[in-house]
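What follows is one structure encoded as structure tokens, with my remarks underneath.
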Amino acid sequence: MAKKEILGIFDSAEAAADATDTLAESGLNQENFDVLTGTPYPPGAFGEREEKHHVYVFPIVGALMGFTIALLLTAGTQLAFPLVTGGKPILAIPAMMPIMYEGTLLGAVIFTIVGILFESRLPRPRLSPYDPRITEGFIGILVTCEEEKIEVAEQALRKANAEDVIHQGSRAAWR
Amino acid sequence: MQERVKLTDAEINRDLLRSTVESPRGYWIIIGALAFVVLCGVVSAGFMFNRGLGLTGLNRPVMWGFFITNFVFWIGISHAGVMLSAILRLTQAEWRRPATRAAEILTLFSLMTAMLMPLIHAGRPWRVFYWVFPYDWARGIFPNIRTPLVWDPAAVFTYLTSTILFVYIALIPDIAVLRDRTTGVRHAIYSVLSLGWRGTSRQWRLQLIAGILLSAIILPIFVSVHSIVSWDFGMAIAVEAWHSTIFAPYFVIGAVHSGVSGVVTVMILLRYMFRWENYIRLEHLDALAKLLIVVATTWLFFFMLEFVFGLYAREAPELALRELQTSQMPWAGLAITFLITAYLFPVPMWMFRNVRRSVKWMLITTISVNIGMWLERFLIIVPSLARKQGFTFTWGTYAPSPIEIIIVTASFCMVLMLVLLFAKAFPLIPIADAKEAMILADHIQIGKKKVPAVMREE
């Protein structure tokens, strides 16, 4: 069954929190709605679901990959042309460490960024349904449900005194 | 620490996006003047590449001069970003909010400028690729990874890449605000850059984690970068005055001293230009000045240790260097100026609350610190090379040429110009952070008194 999205706009955090109760009374559970805000509210402020993620795995994988690449690079370049310089042995571990250290951390940073974007579901090519008022302090309650339940969701949002209800595909009014 | 004015989201948007929609009086004149000096620097560098390094004051034995001093200085300034942004983020210091973006941006542009300096110093910048890029350009010979001169670009490149990514990730919610408030081409550009950010609870949760996680990863990079810069000197066998084992922590703490001072200077300029009195408040300058007292005193401790350790061994080149630095002009004059401007003038001043809360005095004292810290790097590099060996017939001296002075001046103008241009495109105070601070702050009743309180972020 195709899922659709509908967005209710509320002018205060309290009204938005009440709206999630109204949605629950209409038979829509936590999995069906999300909250769009322009400010990082404390998690659970609107009774939304707890988000699970695996972002902590990414820096570990990145660090391991960075270390491996740096090790191959430092060892490989010395072995490719074994020229003794500065009286140090070929494969002088202390001299290789700074580059391996930087490689490890660079890998960790790059993979963390990839992980953050992936887990944040970004980039997202389609914004709708969305409203620019969200970044001006309004709160959006985004309901995702089966097509036949959209009407129920809309009624619940209007009952909760939504300032506006925006359907998927409708164009936001950019100022 | 909570002298804030209660503001709505719309007011915060209007105030903090003012820099992107309005130009303060004289803004384009300042940009034009800065661009002119930068252009002079570019022309001078081009002329020097064409004619050779003979146009500089570099000589045997002083082969590192103004450019390398400036490189170390800008690397030092770049340490402000992590010091303020990462450490204060990890410790959830409430007063960090207006300072983080300015610190990160200063890090970014000062690192870019720092990277230019060794390229210019090389005289043939394209050849640097042969020395550091891991590829066998000729006869199967790869760059020598056993030299600090290869570790250094590796560290700076890692720091620069991490900083760019850190700044961008933290900017995404603010770019979304810009996207929502613009039309036409700007709207299209911000739409692409905001990656479709909508501000879902998942996205905000991950933003918070990104800040903490990246801070934790960038901190070891921050420590390594200036340590490796110090090893550019410390590992040079020929220059005995650089053989101090405390060079790495001494350089790192010196970098934090100059970097945090640089951030305060930039914050004051931004506060004045964009009328951000409600965001960059006197309490923030007060807190930063207190932090600077601790940092500066730690730095002084390392400086004195380095001086004493040098004399303790009574090695001839070291004694000759200290004699040069303390009793021969112009070096002795520069050393006194450096000590006064880097510590003896600003730190006692910061002991006074009125100074810490005075925009004018904080501007003067933080600029003074960076004059001193630039001289500190100059006095570490140049006199040490001038008294490199024990034989007096190998001693030398150094005076910068006009070309070097122009290029170094242009580097300062370039950083300032880039910061001001950045402010035209993106907010220099994190909007989301400012809004979060409004949500988390309130007044609570304790007995008969209502006191301001801030909830800790989760």
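The values are calculated or read from the model by the stated rules, or taken from the named source; none is laboratory data. A quick note: this is a predicted structure, and the numbers were derived from the prediction, not measured. Cβ placement follows ideal geometry from the backbone for every residue including glycine, while neighbour counts extend to all protein chains displayed.
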Taking segment B:74-89, which residues are touching a Ser or Thr at 6+ places or on another chain (Cβ under 7 Å) and at pLDDT 80 or above?
-> B:Trp74, B:Gly76, B:Ile77, B:Ser78, B:Ala86
Sole exception among (1) within 7 Å of chain A (Cβ to nearest Cβ); (2) within 25 Å of B:Arg18 (Cβ to Cβ); (3) touching a helix residue (DSSP H, G or I) at 6+ places or on another chain (Cβ under 8 Å) for B:Phe142, by number | (2)
Subset of segment B:88-99 (residues that are in a helix (DSSP H, G or I) and over 15 Å from B:Ser162 (Cβ atoms)) = B:Leu88, B:Leu90, B:Glu94, B:Trp95, B:Arg96
Counting residues that are over 18 Å from B:Gly262 (Cα atoms) and more than 26 Å from the chain's Cα centre (by Cα), which helices (runs of 4 or more DSSP H) fully inside segment B:311-352 reach at least 3?
-> B:316-327
Six or more apart or on different chains, Cβ under 8 Å: which pairs go from a residue in segment A:159-170 that's within 18 Å of A:Glu146 (Cβ to Cβ) to one that's part of a loop (DSSP other than H, G, I, E, B) and not β-branched (Val, Ile, Thr)? Could you list them?
-> A:His167/A:Pro129; A:Gln168/A:Ser128; A:Gln168/A:Pro129; A:Gly169/A:Ser128; A:Gly169/A:Pro129
Give segment B:403-427 a look and list any residue that's in contact (Cβ under 8 Å) with a residue 24 or more places away in the chain and not aliphatic (A, V, I, L, M), or say none.
-> B:Glu404, B:Thr409, B:Ser411, B:Cys413, B:Phe422, B:Lys424, B:Phe426, B:Pro427
If you check B:Lys388 against the conditions, is it among the charged types (D, E, K, R) and assigned to a helix (DSSP H, G or I)?
-> no
Scanning segment A:49-82 for residues that are part of a loop (DSSP other than H, G, I, E, B) and facing chain B (nearest Cβ under 7 Å) gives A:Glu51, A:His53, A:Val55, A:Phe81
Please indicate, with yes or no, whether at least one residue in segment B:169-178 is touching a residue at least 12 places away in the same chain (Cβ under 8 Å) and in contact with an Asp or Glu (Cβ under 8 Å, 6 or more places away or on another chain).
-> yes
Residues in segment A:61-78 that are surrounded by fewer than 18 Cβ atoms within 10 Å (Cβ to Cβ) and either at positive phi or without any contact (Cβ under 8 Å) to a residue 40 or more places away in the chain (or both) total 6
Filter segment A:90-148 down to the residues that are more than 7 Å from chain B (Cβ to nearest Cβ), in a loop (DSSP other than H, G, I, E, B) and in contact (Cβ under 8 Å) with a residue 40 or more places away in the chain, then identify the one that is nearest to B:Leu16 (Cα to Cα).
-> A:Phe138
Does segment B:47-59 contain any residue that is within 14 Å of chain A (Cβ to nearest Cβ) and either at negative phi or of a type in the set (Asp, Glu) (or both)?
-> no
Selection over segment A:1-48 where residues are facing another protein chain (nearest Cβ under 8 Å), of a type in the set (Val, Ile, Thr) and under 22 Å from A:Gly169 (Cβ atoms) yields a count of 1
Matching residues, segment B:367-392, being of a type outside the set (A, V, I, L, M) and either over 11 Å from B:Pro61 (Cα atoms) or under 25 Å from the mean Cα position of the chain (by Cα) (or both) | B:Ser368, B:Asn370, B:Gly372, B:Trp374, B:Glu376, B:Arg377, B:Phe378, B:Pro383, B:Ser384, B:Gly390, B:Phe391, B:Thr392
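Among the residues of segment B:371-410, write down those that are among the small types (Gly, Ala, Ser) and either out of contact with any Phe, Trp or Tyr (no Cβ under 7 Å at 6 or more places or on another chain) or farther than 28 Å from B:Gly262 by Cα (or both).
Selection gives B:Ala386, B:Gly390, B:Gly396, B:Ala399, B:Ser401, B:Ala410.
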Counting only residues that are more than 23 Å from B:Thr56 (Cβ to Cβ) and in contact with a Phe, Trp or Tyr (Cβ under 6 Å, 6 or more places away or on another chain), how many does segment B:101-122 have?
-> 1
When residues of segment A:79-91 are filtered for being of a type in the set (Gly, Ala, Ser) and surrounded by 13 or more Cβ atoms within 10 Å (Cβ to Cβ), how many remain?
-> 0
Among what's in segment B:169-203 and is of a type in the set (Val, Ile, Thr) and within 29 Å of the chain's Cα centre (by Cα), pick the residue that is nearest to the other protein chains (Cβ to nearest Cβ).
-> B:Val177
Cross-chain or 6+ apart pairs with Cβ under 8 Å, segment B:60-81 first and on the phi < 0 side of the Ramachandran plot, then part of a loop (DSSP other than H, G, I, E, B) and among the small types (Gly, Ala, Ser) = B:Arg60/B:Gly396; B:Pro61/B:Gly396; B:Val62/B:Gly396; B:Gly65/B:Gly57; B:Phe66/B:Gly57
Among the residues of segment B:197-212, is any touching a residue at least 24 places away in the same chain (Cβ under 8 Å), out of contact with any strand residue (DSSP E or B) (no Cβ under 8 Å at 6 or more places or on another chain) and part of a loop (DSSP other than H, G, I, E, B)?
-> yes
